[in-house]
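Participant: What follows is a single structure, and I will ask about it in a moment.
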C-alpha cells in the first residue's frame, strides 16, 4: 500500500492524529479505564535545535507488523480494546507522531496494554526518523547508538 | 523448487540505506539455496554504494523480520532495515 492509497483503516496517517477518532474506536460500556499514550516530537536540551522530524516507513510492513503486534496484545489482554496511529511525513516539534489508546474493564490492563504496544512499536515497527535542525542539518536518528550526521541539502 | 533455477529477489532499501545506495529498490538473481545473508553479500558487491551497507543489517522477508540465515525463495521481497526508530 502506498501513500496515496492510505485509507481510514490504516494504522498510518500523514495528517495530524485525531484523538477523538481513536478514542471512539475503543470506547465501550464494558471498559472503565482508558489509557492514552502520545509520542511527540521533542526539542529538549539534548536535541540541539530540532525544528521537526521527518518520519518515513516501510509502509506495507508497518501495516502487517501492527496487525501482528495488536494480535499479540489481544492474546495478553483479551478484554482490552486497543487502537493506534503512527503519523508519517514532516512533523513539527510538539505534535504527535504516535498515539495509542487502550481501554479495558479496569485500569491496570489499560496501562499495561498501552505500555506494551509502545514498547513493541519501538522494537518491531519499521519507521525511521530524520531530525531537521535550525542550522539546516539533518540527522538520522539511531536509537541504538549515536545520531548519524547527514549533509544538509536544498 | 528446482534448485538449478536462479531465484529472482526484489531488494528494498529504506531511510539511510536508500540514501547510501542511491535507490530504493534493486533486483538480484542468485542460485538456490540462498539465504538473506547471501542477498546482502550480493547487494554489497554488485551495487554502487553497497559497500556502505552493514554486513549484518536488520532484514525482513515478505514483510516480516528475518534472520540473515533464513532461506529466500524466488519472488521474495527482501528489505534491508536501518535501526528502527519509530514512535
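Participant: Tell me, which residue of the stretch A:102-142 that is at the interface with chain B (Cβ under 9 Å from one of its Cβ atoms) and farther than 20 Å from residue A:11 by Cβ is modelled with the lowest pLDDT?
Facilitator: A:142
Participant: Please count how many residues of the stretch B:60-87 are under 17 Å from residue A:124 (Cβ atoms), without any contact (Cβ under 8 Å) to a residue 60 or more places away in the chain and assigned to a loop (DSSP other than H, G, I, E, B). Spell out how you get there, then give the answer.
Facilitator: Applying the first criterion (under 17 Å from residue A:124 (Cβ atoms)) to the stretch B:60-87 yields B:60-67, B:70, B:79-87.
Those still in the list that are without any contact (Cβ under 8 Å) to a residue 60 or more places away in the chain too: B:60-67, B:70, B:83-87.
Narrowing further to those that are assigned to a loop (DSSP other than H, G, I, E, B): B:62-63, B:67, B:70, B:83-87.
Result for the stretch B:60-87: 9.
Participant: While we're here: Failed condition for residue B:62, given (1) in contact with a strand residue (DSSP E or B) (Cβ under 6 Å, 6 or more places away or on another chain); (2) at pLDDT 95 or above; (3) surrounded by 14 or more Cβ atoms within 10 Å (Cβ to Cβ); (4) at negative phi, with all others met?
Facilitator: Of everything listed in (1) in contact with a strand residue (DSSP E or B) (Cβ under 6 Å, 6 or more places away or on another chain); (2) at pLDDT 95 or above; (3) surrounded by 14 or more Cβ atoms within 10 Å (Cβ to Cβ); (4) at negative phi, residue B:62 misses just condition (4).
Participant: Related question: Inside the stretch A:126-143, can you point out the residues that are out of contact with any helix residue (DSSP H, G or I) (no Cβ under 9 Å at 6 or more places or on another chain) and assigned to a loop (DSSP other than H, G, I, E, B)?
Facilitator: A:134, A:135, A:136, A:137, A:141
Participant: In the set A:123, A:107, A:74, A:115, which member is more than 21 Å from residue B:15 (Cβ to Cβ), free of Cβ contacts under 8 Å to residues at least 40 places away in the same chain and out of contact with any helix residue (DSSP H, G or I) (no Cβ under 8 Å at 6 or more places or on another chain)?
Facilitator: The match here is A:74.
The values are calculated or read from the model by the stated rules, or taken from the named source; none is laboratory data. Bear in mind that the values here come from a model prediction, so they are computed numbers and not experimental data. We place every Cβ from the backbone using ideal geometry, glycine too, and count neighbours over all the protein chains shown.
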